[in-house]
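The values are calculated or read from the model by the stated rules, or taken from the named source; none is laboratory data. Since the structure is predicted, the reported quantities are computational estimates derived from the model, not experimental observations. Cβ sites come from the backbone with ideal geometry, for glycine too, and all protein chains shown count toward neighbours. Heavy atoms of the whole protein, side chains included, go into the accessibility calculation; ligands, DNA and RNA do not. Shrake-Rupley method; radii C 1.70, N 1.55, O 1.52, S 1.80 Å.
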Number of protein chains: 2
Amino acid sequence: MPGKTNAFDRVAILGLGLIGGSIALGLRRKGHAGLVVVGYDSDDAARATAGEIGLVDEMAASASAAVAGADLVILCAPVRAMGGLAEEISAALSPGQVVTDVGSVKGSVLAQVAPHIPGGVHFIPGHPVAGTEQSGPRAGFAELFEDRWTILTPPGDTDDEALARLTDFWQGLGSRVTCMDADHHDMVLSITSHIPHLIAYNLVATAHDLEQVSEKEVIKFSAGGFRDFTRIASSDPTMWRDVFLANRDAVLETLGAFIEEMTILRRAIRQGDGDLLFDLFNRARDIRRGIIEAGQESAAPDFGRHPELGEDGENKKESS
Amino acid sequence: MPGKTNAFDRVAILGLGLIGGSIALGLRRKGHAGLVVVGYDSDDAARATAGEIGLVDEMAASASAAVAGADLVILCAPVRAMGGLAEEISAALSPGQVVTDVGSVKGSVLAQVAPHIPGGVHFIPGHPVAGTEQSGPRAGFAELFEDRWTILTPPGDTDDEALARLTDFWQGLGSRVTCMDADHHDMVLSITSHIPHLIAYNLVATAHDLEQVSEKEVIKFSAGGFRDFTRIASSDPTMWRDVFLANRDAVLETLGAFIEEMTILRRAIRQGDGDLLFDLFNRARDIRRGIIEAGQESAAPDFGRHPELGEDGENKKESS
């Protein structure tokens, strides 16, 4: 059962990109009497666009103005901008307010933001594991968080009621909510999100620099698998630069494991060890089955990218 | 304008999986008077399934029986099974027939198959760059090749008319057709298809072996990017084992370039070089734009995997 949507009455969203915009749209779709969504973005163009498409109820003139009087403040900035943003709003915060964020790295955000949170204000870092490869105020949509997981990383001294209200808030947007400590979050996300993006970016760079194959050929024959990587490699560059800098240790550790594994696979190819390759390729199917069963993916054969293939995993041709 | 579909009247498809099945369905959808599609698969279960769903007009009792009297023979076996299949049908081939294949590696197929092709039979290797992550006779669909590229790698002494007829054939299935030599094909596909699959398999193996993160957590939080990789890592293990063994040299060379690039990226993360990361991430967007403009991908934000997002790249919410 989804939680109640009226955990907070005045919600300030600082940063109106894909995630901030989707929160605004989700809130307003399910809105309750008295709900006011206040927005701010330090980028003039983003603020203008958000105003144009009516993303929020009130557009504030500054981050501080946005948070004054809000009962929930959500920081939706790139990871390394969180500290500066927290410092900027610090004086405008008042006891009883809940402050959270949506950054993809939690240890770094906790370290940057916590020093600027006045006593009596509840800061609970968070991360909705949801997104698309698009960015900016026009990229948001109300359903982004449905059936996705939001991870909260409450410090040890977190107020129970504030945590319960924030959990309700995310459930109201359709998300599932779980808690873990910030360091474990950063290790988990290094493999489920950060390294996948890094190797996607790396593959695109490799293709760009190959001497024997032209960029035109890469584009033309990308349907063989390459295009799937360009999708996530077209995500917001600023956001991702910050993720890799802010989660350096976990990313380097997981990347080390990836390279070790690659060394084994490379040797198997060089030595013609078909059994090792087959076993490894076969095992990969199990994890995918788990992901589909967990409702985090559809079984539809998307690789063909054909409009006649339905979301339910069946070819429409078979049912027509 | 698509080519005519009656380049051949009796087409033998040897191997009734995703590609062979899709050819059969595509041919029969656009079929002309007198067209007969004959099928065979060495796997009893695949043959039974293909028979059940009526994939072909005639199911042959052997590969040799299938090719007798056909004017086009298409080898749709895993790459390293091509030589054995060609040897098996060799005695049943007769002058004037065109033989092609759909293997993902062309140098190896040419070397394996050519010795078994009798004089007067036209062997032209080919590769439709299309597919999904699914396999087997039920995975095929008639539209798989539409707007995708088929690469033909005709040897120097190829008969012009045979090449023209095979080109017409693929165009009749909706494919675009281009020619190049086998070695160049294998290098191009190593970056656009083989290495993407290899690193997807490798990422899934890395996740499997990580000590600090459970498989359950990987599955739960896969929406951050990881799930995109499991999609292509769930492709047919036998087919892919064969690709890496048969295209060893090009794969190892491209993999070397990938690892070099990864070393640079890893150092940038270790040294905190945000400018290098940002520039590289930003460049990746250009290639994606090229792929979308070339009609090889849709701009729809698929990463969100939401049924309310249309294929035209617009959120349906905006138009409703």
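When B:Gly103, B:Gly156, B:Gly120 are checked against the criterion of being of a type in the set (Gly, Ala, Ser) and open to solvent by less than 10 Å² (accessible area, probe 1.4 Å), a single residue qualifies: B:Gly103.
Under the condition of being without any contact (Cβ under 8 Å) to a residue 60 or more places away in the chain and part of a helix (DSSP H, G or I), which residue from the range A:45-62 is most open to solvent (accessible area, probe 1.4 Å)? For the range A:45-62, the residue satisfying everything is A:Glu52. Quick check on A:Ser42: is it outside any helix (DSSP H, G or I) and polar (S, T, N, Q)? Answer is yes for this residue. Quick one: is B:Asp183 more than 8 Å from chain A (Cβ to nearest Cβ), farther than 22 Å from B:Glu133 by Cα, in contact with a Gly (Cβ under 6 Å, 6 or more places away or on another chain) and surrounded by fewer than 21 Cβ atoms within 10 Å (Cβ to Cβ)? Judged against the criteria, B:Asp183 is a match. Specify which of the listed residues (B:Thr158, B:Thr178, B:Thr150) is farther than 17 Å from B:Ala130 by Cβ, at pLDDT 95 or above and not in a helix (DSSP H, G or I). It is B:Thr158.
Restricting A:Glu261, A:Glu253 to residues that are more than 7 Å from chain B (Cβ to nearest Cβ) and open to solvent by 10 Å² or more (accessible area, probe 1.4 Å) narrows the list to A:Glu253.
When restricted to residues that are farther than 15 Å from B:Val129 by Cβ and at the interface with chain A (Cβ under 7 Å from one of its Cβ atoms), the range B:186-208 contains 10.
Here's the yes/no breakdown for (1) β-branched (Val, Ile, Thr); (2) closer than 23 Å to A:Arg176 by Cα; (3) without any contact (Cβ under 8 Å) to a residue 12 or more places away in the chain:
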{"residue": "B:Asp183", "(1), (2), (3)": "no, no, no"}
{"residue": "B:Asp186", "(1), (2), (3)": "no, no, no"}
{"residue": "B:Thr192", "(1), (2), (3)": "yes, no, no"}
{"residue": "B:Pro196", "(1), (2), (3)": "no, no, no"}
{"residue": "B:Asn202", "(1), (2), (3)": "no, no, yes"}
{"residue": "B:Glu211", "(1), (2), (3)": "no, no, yes"}
{"residue": "B:Thr230", "(1), (2), (3)": "yes, yes, no"}
{"residue": "B:Ser234", "(1), (2), (3)": "no, no, no"}
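Hey, any hits in the range B:209-228 for a residue that's closer than 26 Å to B:Ala250 by Cα, surrounded by 24 or more Cβ atoms within 10 Å (Cβ to Cβ) and either within 11 Å of chain A (Cβ to nearest Cβ) or in contact with a His (Cβ under 6 Å, 6 or more places away or on another chain) (or both)?
As a first pass, look at the range B:209-228 and keep what is closer than 26 Å to B:Ala250 by Cα: B:228.
Pick out the ones that are also surrounded by 24 or more Cβ atoms within 10 Å (Cβ to Cβ) and you get B:228.
The next check asks that each one be either within 11 Å of chain A (Cβ to nearest Cβ) or in contact with a His (Cβ under 6 Å, 6 or more places away or on another chain) (or both); those that pass are B:228.
Yes: the range B:209-228 contains one or more residues that are closer than 26 Å to B:Ala250 by Cα, surrounded by 24 or more Cβ atoms within 10 Å (Cβ to Cβ) and either within 11 Å of chain A (Cβ to nearest Cβ) or in contact with a His (Cβ under 6 Å, 6 or more places away or on another chain) (or both).
Taking the options A:Ala33, A:Ala7, A:Ala77, name whichever one is assigned to a loop (DSSP other than H, G, I, E, B) and open to solvent by less than 20 Å² (accessible area, probe 1.4 Å).
Residue meeting the stated conditions: A:Ala7.
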